[in-house]
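The values are calculated or read from the model by the stated rules, or taken from the named source; none is laboratory data. Being a predicted model, the structure only gives us computed values, none of them experimental. All Cβ positions, glycine included, derive from the backbone under ideal geometry; neighbour counts span all protein chains shown.
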Amino acid sequence: MSLPPSHGQRRLGRTTTRRAAEGVVRAIIYVCGWLAIIILAAIALFLIWNSVRALSEAGLGSMLSGTAWYPTSSPGKFGMLPLILGSLFVTGVALVVAVPLGVAAAVFISEFSGTGVKDVMKSIIEFMAAVPSVVYGLIGVAVVIPLVKDVFALNSGMTALAGGIVLGVMSLPTVISISEDALHAVPFDLRQGSAALGNTRWQTTYKVTIPAASSGIFAAIMLGLGRAIGETMAVLMLTGNAAIMPTSVLESVRTMTGTIAAEMGEVVQGGLHYSVLFSVGLVLFVITFAINLAADLVLERQRKRWRR
Amino acid sequence: MNRMSRTRRARSAEAIARVLTGIAALAVVAVALFVLGYIVYNGIAAIDLTFLTDVPRDRGREGGILPVIVGTLWVTIATAALTLPVGVLAGIYLSEYAPRNLATRAIRLAITNMAGVPSIVYGLFGLAAFVLLAGFGRSIIASALTLTCMTLPVVITATEEALRQIPQDLRQASLALGATRLRTIYKVVLPAAAPGIITGSILGLARAAGETAPILFTGAVFQMRRLPEDLSSQFMSLPYHIYAQVTSVPGWNRTLVWGTALVLVAGVSVVSVIAALWRSAQRRRVKW
């Protein structure tokens, strides 16, 4: 006598297939979870692998200390120092623009403004962050370059200063939003305690809130710095790209990012110059990685401090 | 007397501080409005039907930007199709599965560091990995893969944050009804977190659409006679078009280039601002 399959058995079958399907999906989820590490490692490996020829033929030490960048002369000279200094000059100007303005604006948004103003400011900062770098470059070409040329009576406005000013504006959203987060994260009790002792809002801000948020603000500046060093299109369009050792911000400079962008289109794939450009990328990667790692550790410590 | 003057000093310091920080904030607003106004003012003259539907002529000095817009859409949609599934799954892993250990800490560190890698370095990586090693050549797919690597951290972070805001009660209620963990995520947690995931991802994708450096060596071209046909074609792109016009076309047409910038900024920023506003509206409305 054949029994119809029991209810329980059918359910078991369904559960088994579902469990198998779930296993597959879970495996996919795990792989995706690890993807960030895989990609980051792949970036590092590809940069190193493509830099090998440059590192063995030109040598890391002589590239980093060389002051002449003539990649197309024969034999090519691959001194990266002008490029590194170019990046530092532009970034320095950017920080001078972005840090005081950004931190002060963050203090205003966090400490002195109501919800409505805060929302408006946040949308505006969102907009500034969303404008593509090439558009900032275009505005720089149309506005900042003529301005720098006229104000300093130069032959050309394409200078580290012009690039740095635009780069500073571009770093503002990073500096403001992360500083603001850091100020916002300071527990309200601390402010109230300070107010109870008779301090004004501003006294509270500079004696209590800013010191308490200082590591976060420091991280904000670091991340703004990282963004400025890594920025490509605006500096490429604004700094004039002369690969010489810069002596002042009123000279044309060539940054590391600009060099890669300008020269990669014209090199022989697999050639020495190609490999050198990858090693410039590697230097850039190491610098930004170190900056971001430091900023991240600082932020993490701050987060732990205020967690309750 | 002394107390009085101290109070007065504190009060004037307070006023000065408010004014100075207020000026800084106003300056930021002024710069943003100037950027917006300048682009609109210079670009609006170019916007007409011919500009949006014609192909570039005379190396871009005349004509329109249709293939440029279409190319940008192709690469952005391809990037979205690659980034969203992978990024959301990675976010689910971090929020729902990842143990609290050193490995998870390393994953998070990798994500924040990915966000800080310069875009030109992604361009180098894309060239070496996708164009050359994987053999995709300079193409939409190579560019989209490169942009995916860049956008992933944004999508992952947005997903994880959105999932974390879903209260544990919802998950427990679903589990108590006999749903498996995965089914709970799929049926309960993900739908509740969808607004946050979508807006965060849109912000990331809008930024990807405006990027130039990653597509410089991976598929963007200066001029194309036809529209892209499939993922293996090369493409024109709004940001690259602006850059190429300014740097390599002598006597570039100011109006048309600003028009291109306006189309790009309008596309990118309108989408981002709407997404950001929608998210903050959602946050205010839904209180768990």
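For the stretch B:170-288, the helices (runs of 4 or more DSSP H) that sit wholly inside it and include 1 or more residues that are without any contact (Cβ under 8 Å) to a residue 24 or more places away in the chain and farther than 17 Å from B:Ile77 by Cα are B:181-184, B:190-209, B:238-248, B:254-285.
Just to check your reading of the model, which residue among A:Val103, A:Val120, A:Val131 is at pLDDT 95 or above and out of contact with any Leu (no Cβ under 6 Å at 6 or more places or on another chain)?
A:Val103
Results for (1) within 21 Å of B:Phe34 (Cβ to Cβ); (2) among the hydrophobic types (A, V, I, L, M, F, W, C); (3) assigned to a loop (DSSP other than H, G, I, E, B), shown as yes or no for each residue.
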residue: A:Ile124; (1), (2), (3): yes, yes, no
residue: A:Ile145; (1), (2), (3): yes, yes, no
residue: A:Lys149; (1), (2), (3): yes, no, no
residue: A:Gly157; (1), (2), (3): yes, no, yes
residue: A:Leu161; (1), (2), (3): yes, yes, no
residue: A:Pro173; (1), (2), (3): yes, no, no
residue: A:Asp181; (1), (2), (3): no, no, no
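Exactly one residue among B:Ala81, B:Ala27 is away from chain A (no Cβ under 14 Å), modelled with pLDDT of 95 or more and surrounded by fewer than 22 Cβ atoms within 10 Å (Cβ to Cβ), and that residue is B:Ala81.
For the stretch A:108-128, taking the residues that are crowded, with 19+ Cβ neighbours inside 10 Å and of a type in the set (Phe, Trp, Tyr), the one that is nearest to the chain's Cα centre (by Cα) is identified as A:Phe127.
One line per residue, one yes/no per condition, for (1) closer than 27 Å to A:Met264 by Cβ; (2) touching a strand residue (DSSP E or B) at 6+ places or on another chain (Cβ under 9 Å):
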site	(1), (2)
B:Val189	no, no
B:Ile202	no, no
B:Thr212	yes, yes
B:Phe217	yes, no
B:Phe222	yes, no
B:Arg225	yes, no
B:Ser233	yes, no
B:Val246	yes, no
B:Leu262	no, no
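Condition check: polar (S, T, N, Q), closer than 30 Å to A:Ala142 by Cβ and touching a helix residue (DSSP H, G or I) at 6+ places or on another chain (Cβ under 8 Å). Does A:Asn241 satisfy that? Judged against the criteria, A:Asn241 is a match.
For A:Gly59, indicate whether it is within 14 Å of another protein chain (Cβ to nearest Cβ) and loosely packed, with under 15 Cβ neighbours inside 10 Å. Spelling it out, it is not the case that A:Gly59 is within 14 Å of another protein chain (Cβ to nearest Cβ) and loosely packed, with under 15 Cβ neighbours inside 10 Å.
Of all the numbered requirements in (1) of a type in the set (A, V, I, L, M, F, W, C); (2) within 18 Å of A:Ala41 (Cβ to Cβ); (3) modelled with pLDDT of 95 or more, B:Leu147 misses one, and that requirement is (2). Filtering A:Met264, A:Met256 for residues that are more than 16 Å from A:His184 (Cα to Cα) and either among the aromatic types (Phe, Trp, Tyr) or at pLDDT 95 or above (or both) leaves a single hit, A:Met256. Screening B:Thr53 against (1) polar (S, T, N, Q); (2) more than 7 Å from chain A (Cβ to nearest Cβ); (3) under 27 Å from B:Gln234 (Cα atoms); (4) buried (at least 17 other Cβ atoms within 10 Å of the Cβ) leaves a single unmet condition, (4). When the residues of the stretch B:88-114 are filtered to those that are more than 8 Å from chain A (Cβ to nearest Cβ) and among the small types (Gly, Ala, Ser), the one that is surrounded by the fewest Cβ atoms within 10 Å (Cβ to Cβ) is B:Ala103. Among the residues of the stretch A:185-202, what is the count of those that are closer than 18 Å to A:Ile217 by Cα and either surrounded by 12 or more Cβ atoms within 10 Å (Cβ to Cβ) or touching a residue at least 40 places away in the same chain (Cβ under 8 Å) (or both)? Residues in the stretch A:185-202 being closer than 18 Å to A:Ile217 by Cα and either surrounded by 12 or more Cβ atoms within 10 Å (Cβ to Cβ) or touching a residue at least 40 places away in the same chain (Cβ under 8 Å) (or both): 6 in total.
I'd like the full set of residues that are assigned to a loop (DSSP other than H, G, I, E, B) and farther than 30 Å from A:Leu197 by Cα, limited to the stretch B:1-49.
Hits for the stretch B:1-49 are B:Ile47, B:Asp48.
Within the stretch B:115-140, if we keep just the residues that are at the interface with chain A (Cβ under 8 Å from one of its Cβ atoms) and among the β-branched types (Val, Ile, Thr), the residue that is surrounded by the fewest Cβ atoms within 10 Å (Cβ to Cβ) turns out to be B:Val117. Per the conditions (1) in contact with a Gly (Cβ under 7 Å, 6 or more places away or on another chain); (2) surrounded by 20 or more Cβ atoms within 10 Å (Cβ to Cβ); (3) more than 14 Å from every other protein chain (Cβ to nearest Cβ); (4) of a type outside the set (S, T, N, Q), the sole criterion not satisfied by B:Ala46 is (3).
Selection over the stretch B:50-70 of residues that are in contact with a Leu (Cβ under 8 Å, 6 or more places away or on another chain), part of a helix (DSSP H, G or I) and on the phi < 0 side of the Ramachandran plot gives a count of 8. Residues in the stretch A:251-294 that are farther than 22 Å from B:Ile215 by Cβ and within 8 Å of chain B (Cβ to nearest Cβ): how many? Final tally of qualifying residues: 4. The set of residues in the stretch A:184-199 that are of a type in the set (Lys, Arg) and part of a loop (DSSP other than H, G, I, E, B) is empty.
Only one entry in A:Leu95, A:Leu45, A:Leu83 is touching a helix residue (DSSP H, G or I) at 6+ places or on another chain (Cβ under 7 Å), within 21 Å of A:Gly271 (Cα to Cα) and not hydroxyl-bearing (Ser, Thr, Tyr), namely A:Leu83.
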